[in-house]
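Asker: Structure in structure tokens, see below.
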Amino acid sequence: MADLCNYKITTHSVDETKKLGEKIGACLKTEIVLALIGDLGSGKTSFVQGLAIGLEVPNDYYITSPSYTMINEYPGRQSLFHVDLYRLEDPVDVEDIGLYDIFGDNYVVAIEWADKIRQERLPDHVTITFKISDNQSREIYMSAHGVNAVALLKEIKSTPCAFKNNHSPGITETDMDT
């Protein structure tokens with residue numbers, strides 16, 4: 001499946017990375033897989049913490065990386081499955097580890113270390129790559145794969161940095177399709 005929509009965002013703090021996740025979570029209206037790729041400390045878990053806020057996961061759930069359990073599920077406007085594949089040694093198929101069972105049913109699935117699975121087997125998804133540009137700043141590249149993913153990125157692109165509580169961080173946005 002070819003990339004149909006690309007987008008680059010630069011965040012300048014952990015809070016801005018969380019706010020980006022919140023913005024995306026607030027935009028979600030259908031099931032989607034978010035394939036998160038990046039080095040340790042690049043912002044993947046912070047992003048998922050914000051995503052949970054946007055999906056209205058109750059505040060009494062603390063979002064942590066499920067490194068040992070592999071998958072955590074959180075209730076919200078849409079159920080959030082947070083997957084961490086860091087401990088996997090070799091690239092695997094989504095069916096081999098049971099991920100296929102949680103795709104669909106209006107779930108949002110955020111997969112950290114998604115480069116450890118064969119992405120061509122994923123349903124509609126957005127690949128989000130986190131690159132450390134300095135101590136606090138992150139360059140975040142998003143590529144849409146599939147109709148729902150393209151619709152999501154187009155909505156994100158068309159929505160100004162309108163975050164909950166009227167908090168607008170200094171996020172730099174770059175449309176890579178122009």
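Asker: So, restricting to strands (runs of 3 or more DSSP E) that lie completely within region 38-130, which ones have at least 1 residues that are under 20 Å from residue 147 (Cβ atoms)?
Answerer: Values: elements: 71-74, 80-84, 108-112.
Ranges flagged: 108-112.
Asker: Could you tell me whether region 86-102 includes any residue that is more than 14 Å from the chain's Cα centre (by Cα) and under 24 Å from residue 7 (Cβ atoms)? Lay out the reasoning, then the answer.
Answerer: Taking region 86-102 as the starting set, the residues that turn out to be more than 14 Å from the chain's Cα centre (by Cα) are 86-102.
Checking the rest, the ones that are also under 24 Å from residue 7 (Cβ atoms) come to none.
Within region 86-102 (the criterion being more than 14 Å from the chain's Cα centre (by Cα) and under 24 Å from residue 7 (Cβ atoms)), the answer is no, since none of the residues qualifies.
Asker: Taking residue 28, is it at pLDDT 95 or above and of a type outside the set (D, E, K, R)?
Answerer: No, not satisfied.
Asker: Also: Considering only region 55-65, how many residues are modelled with pLDDT of 95 or more and either touching a Lys or Arg at 6+ places or on another chain (Cβ under 8 Å) or β-branched (Val, Ile, Thr) (or both)?
Answerer: 3
Asker: If you don't mind, there's one more thing I want to ask. Those residues that are among the basic types (Lys, Arg) and over 13 Å from the mean Cα position of the chain (by Cα), I need them from region 4-43; list them, please.
Answerer: Initial filter on region 4-43 (among the basic types (Lys, Arg)): 8, 18-19, 23, 29.
If the condition is that a residue be among the basic types (Lys, Arg) and over 13 Å from the mean Cα position of the chain (by Cα), then 8, 29 are the ones that fit.
Asker: Take the residues in region 131-151 that are of a type in the set (A, V, I, L, M, F, W, C) and not in a strand (DSSP E or B), then tell me which one is nearest to the chain's Cα centre (by Cα). Spell out how you get there, then give the answer.
Answerer: In the first step, residues of region 131-151 are kept if they are of a type in the set (A, V, I, L, M, F, W, C); the result is 132, 140, 142, 144, 147, 149-151.
From what's left, not in a strand (DSSP E or B): 147, 149-151.
On the way: 147: 17, 149: 11, 150: 14, 151: 15 Å.
Here the residue is 149.
Asker: Moving to a separate point now. Taking the stated definitions as given, is residue 14 of a type in the set (A, V, I, L, M) and without any contact (Cβ under 8 Å) to a residue 24 or more places away in the chain? Break it down stepwise before answering.
Answerer: Details: of a type in the set (A, V, I, L, M): yes; without any contact (Cβ under 8 Å) to a residue 24 or more places away in the chain: no.
Taking the combined requirement at face value, the residue does not satisfy it.
Asker: Let me ask something else. On the given criteria, is residue 41 in contact (Cβ under 8 Å) with a residue 24 or more places away in the chain, in contact with a Gly (Cβ under 6 Å, 6 or more places away or on another chain) and not charged (D, E, K, R)?
Answerer: Values: in contact (Cβ under 8 Å) with a residue 24 or more places away in the chain: yes; in contact with a Gly (Cβ under 6 Å, 6 or more places away or on another chain): no; not charged (D, E, K, R): yes.
The answer is no for residue 41.
Asker: Where the second residue is of a type outside the set (Ser, Thr, Tyr) and the first is on the phi > 0 side of the Ramachandran plot and lies in region 144-155, which pairs have Cβ atoms under 7 Å and are six or more apart or on separate chains?
Answerer: Sorted first by the residue in region 144-155, then by its partner, the pairs are 146/1; 146/123; 146/124; 146/125.
Asker: Determine the pairs where a residue that is more than 14 Å from residue 102 (Cα to Cα), located within region 62-82, has a partner that is modelled with pLDDT under 90 and in a strand (DSSP E or B) with Cβ atoms under 9 Å apart, the partner being 6 or more residues away or on another chain.
Answerer: 65/84; 66/84; 67/84; 68/84; 69/84
Asker: If we scan region 104-114, do we find a residue that is on the phi > 0 side of the Ramachandran plot, among the acidic types (Asp, Glu), surrounded by fewer than 16 Cβ atoms within 10 Å (Cβ to Cβ) and touching a residue at least 12 places away in the same chain (Cβ under 8 Å)?
Answerer: The first filter runs over region 104-114 and keeps only residues on the phi > 0 side of the Ramachandran plot, leaving 104-106, 113.
Imposing the further condition that a residue be among the acidic types (Asp, Glu) reduces the set to 105.
Of the ones still in play, those that are also surrounded by fewer than 16 Cβ atoms within 10 Å (Cβ to Cβ) are 105.
Next, only the ones that are touching a residue at least 12 places away in the same chain (Cβ under 8 Å) stay: 105.
Yes, region 104-114 contains a residue that is on the phi > 0 side of the Ramachandran plot, among the acidic types (Asp, Glu), surrounded by fewer than 16 Cβ atoms within 10 Å (Cβ to Cβ) and touching a residue at least 12 places away in the same chain (Cβ under 8 Å).
Asker: Could you check residue 86 against (1) buried (at least 16 other Cβ atoms within 10 Å of the Cβ); (2) at pLDDT below 90 and say which number it fails?
Answerer: Exception for residue 86: condition (1).
Asker: For residue 147, state whether it is farther than 15 Å from residue 38 by Cβ, of a type in the set (Val, Ile, Thr) and at pLDDT 90 or above.
Answerer: No.
The values are calculated or read from the model by the stated rules, or taken from the named source; none is laboratory data. Please read these numbers as outputs of a predicted model, since none were measured by experiment. With ideal geometry, Cβ positions are generated from the backbone for all residues, glycine too; neighbour counts draw on all protein chains shown.
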